[in-house]
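Computed from the coordinates by the stated procedures, all read-outs in this text should not be read as laboratory data. It should be emphasised that the depicted structure is a prediction, and the values quoted were computed from it without experimental measurement. Cβ placement follows ideal geometry from the backbone for every residue including glycine, while neighbour counts extend to all protein chains displayed.
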Amino acid sequence: MNPKDLAYLKFKDIYGAYLHFIRAKTERETRNDPKLIRAYINEDMWAIIEKWGNKNKSPDNFLFPIVDKDADPLQQHIRVRWLCKFICDGVKRICKEFGIEKEVNNMVCRHSYATITKRSGASTEYVQEALGHTTKTTTEIYLGDYEDVVKKEFSRKLLAFKNIPKQDNTTLKAV
């Protein structure tokens, strides 16, 4: 989820076990038909909401105390930028702890989510919906090239028929 979208979530965006929202970027670019994203709220997400969310859960209140609805647009923008930096700094600390040397930012995390989800068996359409893309082409740009080991495995599966024991032609029945 984009940090700006996170900052502007409200309690009224929770419908049972799902968050419903429209990405700010998508809303800006596709005003006629913005794409609604429905994200399942798993137990870890509920725990984060309980721990860090606003205690006042009135429908029009923001889910998290990031922006103040009474602040002017510039102040809200500054708070969203602060959130982006806070997240990036946290991800950098995690990368350092695990010895990951690649430069990581919010966009890299978004691309990684798309690639891992796809490689885990999700359809491109699912990834498209999860990312809030209006076209499949945009999603395909996000999906990374498959690693050599994956290419090798698909090649092995494609040629698996060669390992099937040959049968005596006399036992084969005509189709």
Could you quote the convex hull projected area for the stretch 41-84, Cα atoms only and averaged over all directions, in nm²? 3.7 nm²
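Could you work out the helix-only [θ] at 222 nm for the chain, with each DSSP H run of four or more residues adding -39,500 (n - 2.57) and the total divided by the number of residues, to the nearest 500 deg cm²/dmol?
Here the helix-only value at 222 nm equals -15000 deg cm²/dmol.
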Once amide H atoms are built 1.01 Å from N in the peptide plane, which residues 5 or more positions from residue 22, or in another chain, come under 5 Å H to H? 37
Can you tell me the length gained on complete extension of the stretch residue 98 to residue 154, counting 0.36 nm per residue apart and subtracting the Cα distance? 17.2 nm
Filter the cross-link list 25/96; 25/118; 118/157 down to pairs whose alpha-carbon distance in this structure exceeds 27 Å. 25/96
C-alpha center-to-center spacing [the stretch 83-103, the stretch 38-72] in angstrom: 23 Å
Principal axis extents for the chain, Cα atoms only, whole Å, descending order, please. 83, 40, 32
Can you tell me which of 43, 97, 153 moves the most in a GNM of the chain? Springs connect C-alpha atoms under 10 Å apart. 153
Checked against the positive end of the charge dipole of the chain (+1 on Cβ of Lys and Arg, -1 on Cβ of Asp and Glu, about the Cα centre), the farthest of 160, 134, 18 is 160
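I need the fraction of alpha carbon pairs in the stretch 105-160 separated by more than 14 Å, rounded to a whole percent.
Considering the stretch 105-160, 57 percent of its Cα-Cα pairs are separated by more than 14 Å.
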How far apart, in nm, are the 7 Å Cα→Cβ label points at residue 105 and residue 24? 1.6 nm
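Just to verify a number: FRET efficiency for residue 75 and residue 136, C-beta to C-beta distance, R0 = 41 Å, to 0.05? Mind showing how you got there, number by number?
On the way: r = 38 Å, r/R0 = 0.92.
Working from the Cβ atoms, E equals 0.60.
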Would you kindly state how much longer the chain becomes between residue 112 and residue 55 on full extension, computed as 0.36 nm times their sequence separation minus their alpha carbon distance, in nm to one decimal? 17.3 nm
